[in-house]
Structure formats: C-alpha cells, structure tokens
Amino acid sequence: NAGVTQTPKFQVLKTGQSMTLQCAQDMNHEYMSWYRQDPGMGLRLIHYSVGAGITDQGEVPNGYNVSRSTTEDFPLRLLSAAPSQTSVYFCASSYVGRSYEQYFGPGTRLTVT
Amino acid sequence: KQEVTQIPAALSVPEGENLVLNCSFTDSAIYNLQWFRQDPGKGLTSLLLIQSSQREQTSGRLNASLDKSSGRSTLYIAASQPGDSATYLCAVRPDSNYQLIWGAGTKLIIKP
C-alpha cells in the first residue's frame with residue numbers, strides 16, 4: 001500500500017492564481033480531510049468528507065473548495081491564492097467511525113507571493 | 001470551545017533519560033485522544049490512540065495516559081534515543097463530531 005499520497009510536494013504561486021492540491025489513498029478509507037499547519041499553531045481543519053459525494057466545511061474553509069467523486073481521491077482547490085494561504089497542507093484519511101486513527105500524507109508546502 | 005495546549009513548546013534532554021510530554025484540554029467531553037510524531041519536513045505518524053474509556057495505552061517504549069476529569073494526557077518515553085527527536089503533537093476528538101482539535105506540539109531534541 002502506498003498509503004496517503006500528496007502532490008505536489010512544493011509549490012509557489014503568485015497572488016490570484018488558482019491551483020489544485022492532489023490527495024489520494026489506497027486503503028479504502030471513507031473519511032478524508034485537509035488540514036493546514038502554520039508555525040506555532042496546531043493543525044486546522046479546512047474541509048472533510050465522509051464518503052464519495054459528501055463534503056463538509058471545517059474550521060477554516062474560506063478560499064478553498066473540495067469535491068469527492070471517488071473514494072480514493074480528495075483534491076483541494078485554491079480559487080484565488082492569497083499570501084495568507086502560505087502554509088503546509090496535509091491530507092489525512094481513516095475509516096468512518098471516531099475510534100479509528102487517521103493516516104497522514106507527507107504534505108504540500110505552498111508559498112504564495 | 002475546546003482548546004488543546006502542549007507545554008513545553010520545546011524540550012532538550014540527554015540520551016537515555018526517561019521523559020514526559022504533556023497535553024491538556026479544556027473540555028472533558030472527548031471521544032478519544034491521539035498522540036502523533038512529526039519529523040521535519042514530513043507528515044504525521046500516529047503513535048497511540050486512547051479511547052475515552054481507557055486510562056492508558058502502551059507501544060514499545062511509549063506509554064500514553066489519559067485523565068479526562070482533569071483534562072490531561074501524558075506521553076512517557078522510556079530510555080530516550082536520538083532517533084526520538086521530533087515534534088510530538090496531541091489531538092482530541094470531541095464527543096460531538098469528527099474533527100480533531102490539535103495542540104501546537106512539543107519539539108523534542110535528544111542529545112547523544
């Protein structure tokens with residue numbers, strides 16, 4: 001199993017550009033989520049999904065869109081990048097059910113200039 | 001609103017020492033608590049998950065305890081090694097939803 005994979009590893013954007021961060025998992029997990037991690041702060045939940053066709057907002061959803069057309073993939077779209085979105089982005093997955101531990105991808109380091 | 005705090009933010013100890021990392025949370029209505037390890041530039045690896053009905057979990061040299069009533073969890077690392085150097089994060093899952101609420105982490109350095 002590859003686990004949770006994320007692409008790209010690094011990305012530099014100019015203000016106003018759009019892009020999609022990719023996340024895929026091969027563990028047949030129903031639950032997938034996106035976090036951002038900023039220095040000195042805990043991870044913050046952006047969006048999550050409990051299955052194909054179902055998504056919901058987390059703590060900091062503004063400026064981001066998601067969709068879940070398959071169980072395996074959960075892309076995160078930045079609509080119009082802003083410097084405040086400079087961060088490290090992590091995708092995570094798990095089985096549905098709060099007892100299950102989450103598995104994380106290696107992260108995407110995004111810089112918006 | 002649930003808040004999770006980890007103190008200290010950084011800790012440096014000589015190799016071989018036993019050490020304790022702390023995690024506190026403000027609302028005792030939690031479903032479970034997880035400890036994670038993060039190496040520089042890498043993702044997070046789950047170390048231990050404690051359900052709210054449990055008092056502790058053990059994996060190798062790691063032992064995590066949970067005291068819901070006092071809003072505290074500790075991660076005990078026995079016989080520390082340089083390879084234990086990493087940032088350790090704790091996260092609580094509230095009773096009410098799926099979201100994890102995270103502490104900011106403790107950066108641990110084990111000196112050879």
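Only strands (runs of 3 or more DSSP E) whose full extent lies in the range A:4-113 are considered here, and the ones with at least 2 residues that are within 25 Å of B:Val92 (Cβ to Cβ) are A:4-7, A:19-25, A:31-37, A:44-51, A:54-57, A:64-66, A:87-94. For the range A:67-84, taking the residues that are over 19 Å from A:Leu13 (Cα atoms) and touching a strand residue (DSSP E or B) at 6+ places or on another chain (Cβ under 8 Å), the one that is surrounded by the fewest Cβ atoms within 10 Å (Cβ to Cβ) is identified as A:Asp73. Restricting the first member to the range A:12-36 and to residues that are under 11 Å from A:Ala82 (Cα atoms), and the second to residues that are at pLDDT below 95 and not in a strand (DSSP E or B), the beta-carbon pairs closer than 9 Å and six or more apart or on different chains are A:Ser18/A:Leu79. Restricting to the range A:40-59, and then to whatever is under 22 Å from B:Ala104 (Cβ atoms) and crowded, with 16+ Cβ neighbours inside 10 Å, can you tell me which residue is modelled with the lowest pLDDT? Among them, the one singled out is A:Gly42.
Evaluate the following for A:Ser87: is it within 29 Å of B:Val4 (Cα to Cα), surrounded by 15 or more Cβ atoms within 10 Å (Cβ to Cβ), touching a Lys or Arg at 6+ places or on another chain (Cβ under 8 Å) and polar (S, T, N, Q)?
For A:Ser87, the condition - within 29 Å of B:Val4 (Cα to Cα), surrounded by 15 or more Cβ atoms within 10 Å (Cβ to Cβ), touching a Lys or Arg at 6+ places or on another chain (Cβ under 8 Å) and polar (S, T, N, Q) - is met.
Restricting the search to the range B:6-24, which residues are closer than 19 Å to A:Gln37 by Cβ and surrounded by 15 or more Cβ atoms within 10 Å (Cβ to Cβ)? B:Gln6, B:Leu21, B:Cys23, listed by residue number.
The set of residues in the range A:37-60 being of a type outside the set (S, T, N, Q) and in contact with a Leu (Cβ under 9 Å, 6 or more places away or on another chain) consists of A:Gly42, A:Leu43, A:Leu45, A:Ile46, A:His47, A:Gly58, A:Glu59, A:Val60. The set of residues in the range A:12-29 that are closer than 20 Å to B:Lys42 by Cβ and within 14 Å of the chain's Cα centre (by Cα) comprises A:Leu21, A:Gln22, A:Cys23, A:Ala24, A:Gln25. Considering (1) within 14 Å of chain B (Cβ to nearest Cβ); (2) surrounded by 14 or more Cβ atoms within 10 Å (Cβ to Cβ); (3) over 27 Å from A:Asn1 (Cα atoms), the lone condition that A:Ser33 does not fulfil carries the number (3).
Taking the range B:62-112 as the region of interest, the strands (runs of 3 or more DSSP E) fully inside it that hold 1 or more residues being touching a residue at least 40 places away in the same chain (Cβ under 8 Å) and surrounded by fewer than 19 Cβ atoms within 10 Å (Cβ to Cβ) are B:72-77, B:86-94, B:106-111.
Selection of the range B:46-61 for residues being closer than 22 Å to B:Lys107 by Cβ and loosely packed, with under 14 Cβ neighbours inside 10 Å yields B:Ser59, B:Gly60, B:Arg61.
The number of residues in the range B:23-47 being of a type outside the set (Val, Ile, Thr) and within 9 Å of chain A (Cβ to nearest Cβ) comes to 10.
The values are calculated or read from the model by the stated rules, or taken from the named source; none is laboratory data. Quick caveat, the model's predicted, so the values are computed rather than measured. Neighbour counts are summed over all protein chains in view; Cβ atoms, including those assigned to glycine, are modelled from backbone coordinates with ideal geometry.
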